[in-house]
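See below for the structure under consideration.
The values are calculated or read from the model by the stated rules, or taken from the named source; none is laboratory data. Keep in mind it's a predicted model, so treat the numbers as computed, not measured. Cβ coordinates were reconstructed from backbone atoms using ideal geometry, including for glycine residues, and neighbour counts include every protein chain displayed.
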Amino acid sequence: MISYLSIANAVSPPFQPELRAVAKKYTEFVTEWNPLYVKGSALFYQFEVKENCLITLVPDACCNILFTCQSDYARADFQGVFLKSYEIELQKDITYFGCKPYSILGLKPGGVSISNLLNMNVNFLDLYPHATQLIKEMAEDISFEQRIQTINRFKEEVMLSQDDSLFLVDEVSVLLCIENGEDLQHFPQMDYIEKQVGYSKRHFRQKFAEIFGFPPSYYGRIIRFQNTLKDIFFHKDLHYVEIATNNGYFDQSHLIREFKSFTDFSPQQFVDVTESLFLIN
């Protein structure tokens, strides 16, 4: 029998190469966000940047809350799940604090469906009008740990809701983070997920799309893309052919096509652009 919790715990944090390239004083911490769901962790991170810059963020299947922690310009933005890469502008001498829940389940910002925030960057106050004090506190000169505690208190009081009907979608999202071990060429197989969750493909596809705003197959593609990014940047001894095989692509050409669909760059072009950002003084 599959241990969903062990699978969820094995999921590595989302990876944003360009952000890591331009960041200084970067720190991150993964902890529980929503105990109601198996995929209930969140990545908290904090950083500054070396110079004013415009960077590209890639799809990672997560929403993101980004606080600008500056007393004279305190603000927060809610970024929905993005299906393609998008750009954000960052300023030097400012501390940024981010919160990235691994799953959107249980989040109902301002009564708006998460699916309606797909590919959108929204002022946090537009979704949570009572967050003025939160944003002010996050901008104060406090530690990374204190910021985590502050957003967690607000989250418990305002941001989360319980919906038992989402447990199926939770299961599916966890299974989409692994290969089934039988045939990586069809990673992850809908037939395999159907067998594990006990519901028809049509049913869980419909439920998943209602919540996320896109089908589970696309979610699986994003997870595979994220795993590929980590192989490219963290396992530089691997050739693209090996990376393609390890992540369930048919071949290297298939990997390149998928990579371009998310970033508009080939893998090597993306690596070259990202590595050039490390040269920023």
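Are any of the residues in the range 8-20 of a type outside the set (Val, Ile, Thr) and over 17 Å from the mean Cα position of the chain (by Cα)?
Initial filter on the range 8-20 (of a type outside the set (Val, Ile, Thr)): 8-10, 12-20.
Keeping just the survivors that are over 17 Å from the mean Cα position of the chain (by Cα) gives none.
No, the range 8-20 contains no residue that is of a type outside the set (Val, Ile, Thr) and over 17 Å from the mean Cα position of the chain (by Cα).
On the basis of being part of a helix (DSSP H, G or I), over 15 Å from TYR37 (Cα atoms) and either of a type in the set (A, V, I, L, M) or assigned by TED's automatic domain parsing to the domain that holds TYR219 (or both), does VAL174 make the cut? Reasoning before the result, please.
Numbers: part of a helix (DSSP H, G or I): yes; over 15 Å from TYR37 (Cα atoms): no; either of a type in the set (A, V, I, L, M) or assigned by TED's automatic domain parsing to the domain that holds TYR219 (or both): yes.
Answer is no for this residue.
Within the set of pairs 6 or more residues apart or between chains, which connect a residue that is closer than 13 Å to LYS100 by Cβ and in contact (Cβ under 8 Å) with a residue 40 or more places away in the chain inside the range 28-45 to a residue that is surrounded by fewer than 20 Cβ atoms within 10 Å (Cβ to Cβ) and among the aromatic types (Phe, Trp, Tyr) with Cβ atoms less than 6 Å apart?
That search, which allows pairs on different chains as well, returns PHE44/PHE29.
A quick yes/no check of all residues on (1) surrounded by 17 or more Cβ atoms within 10 Å (Cβ to Cβ); (2) out of contact with any Cys (no Cβ under 9 Å at 6 or more places or on another chain); (3) modelled with pLDDT of 95 or more:
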position: GLN16; (1), (2), (3): yes, yes, yes
position: THR27; (1), (2), (3): no, yes, yes
position: GLU32; (1), (2), (3): no, yes, no
position: GLY40; (1), (2), (3): yes, yes, no
position: GLU48; (1), (2), (3): yes, yes, yes
position: ASN64; (1), (2), (3): yes, no, yes
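I'm checking my understanding of the structure. Among residues of the range 66-91 that are modelled with pLDDT of 95 or more and surrounded by fewer than 14 Cβ atoms within 10 Å (Cβ to Cβ), which one is farthest from VAL169 (Cα to Cα)?
GLU89
Anything in the range 230-275 that is part of a loop (DSSP other than H, G, I, E, B) and either at pLDDT 95 or above or surrounded by fewer than 18 Cβ atoms within 10 Å (Cβ to Cβ) (or both)? List them, or say none. Break it down stepwise before answering.
Going through the range 230-275, the residues part of a loop (DSSP other than H, G, I, E, B) turn out to be 235-239, 247-251, 264-266.
Once the filter is applied, which keeps residues that are part of a loop (DSSP other than H, G, I, E, B) and either at pLDDT 95 or above or surrounded by fewer than 18 Cβ atoms within 10 Å (Cβ to Cβ) (or both), the range 230-275 yields HIS235, LYS236, ASP237, LEU238, HIS239, PHE250, ASP251, ASP264, PHE265, SER266.
Could you count how many residues in the range 136-147 are in a helix (DSSP H, G or I) and within 21 Å of GLU28 (Cβ to Cβ)? Steps first, answer last, please.
Step one: of the range 136-147, the residues in a helix (DSSP H, G or I) are 136-138, 144-147.
Those still in the list that are within 21 Å of GLU28 (Cβ to Cβ) too: 137-138, 144-147.
Selection size over the range 136-147: 6.
Is the range 220-229 home to any residue that is buried (at least 16 other Cβ atoms within 10 Å of the Cβ), assigned to a helix (DSSP H, G or I) and among the basic types (Lys, Arg)? Give the steps one after another, and end with the answer.
From the range 220-229, those buried (at least 16 other Cβ atoms within 10 Å of the Cβ) are 220-229; that's our starting set.
Next, only the ones that are assigned to a helix (DSSP H, G or I) stay: 220-229.
Remaining after also requiring among the basic types (Lys, Arg): 221, 224.
Yes, the range 220-229 has at least one match.
Under 8 Å by Cβ, and 6 or more places apart or on different chains, what pairs join a residue from the range 190-207 that is within 15 Å of VAL174 (Cα to Cα) with one that is among the acidic types (Asp, Glu)?
Cβ pairs passing all conditions: TYR192/GLU182; GLN196/GLU171; VAL197/GLU171; PHE204/GLU194.
Return the pairs, sorted by first residue and then second, in which the second residue is buried (at least 17 other Cβ atoms within 10 Å of the Cβ) and in a helix (DSSP H, G or I), the first residue lies in the range 141-167 and is free of Cβ contacts under 8 Å to residues at least 40 places away in the same chain and among the aliphatic types (A, V, I, L, M), the beta carbons are less than 9 Å apart, and the residues are 6+ apart or on different chains.
ILE142/THR150; VAL158/LEU134
When the residues of the range 111-133 are narrowed to those that are buried (at least 17 other Cβ atoms within 10 Å of the Cβ) and part of a helix (DSSP H, G or I), which ends up farthest from the chain's Cα centre (by Cα)?
It comes out as LEU125.
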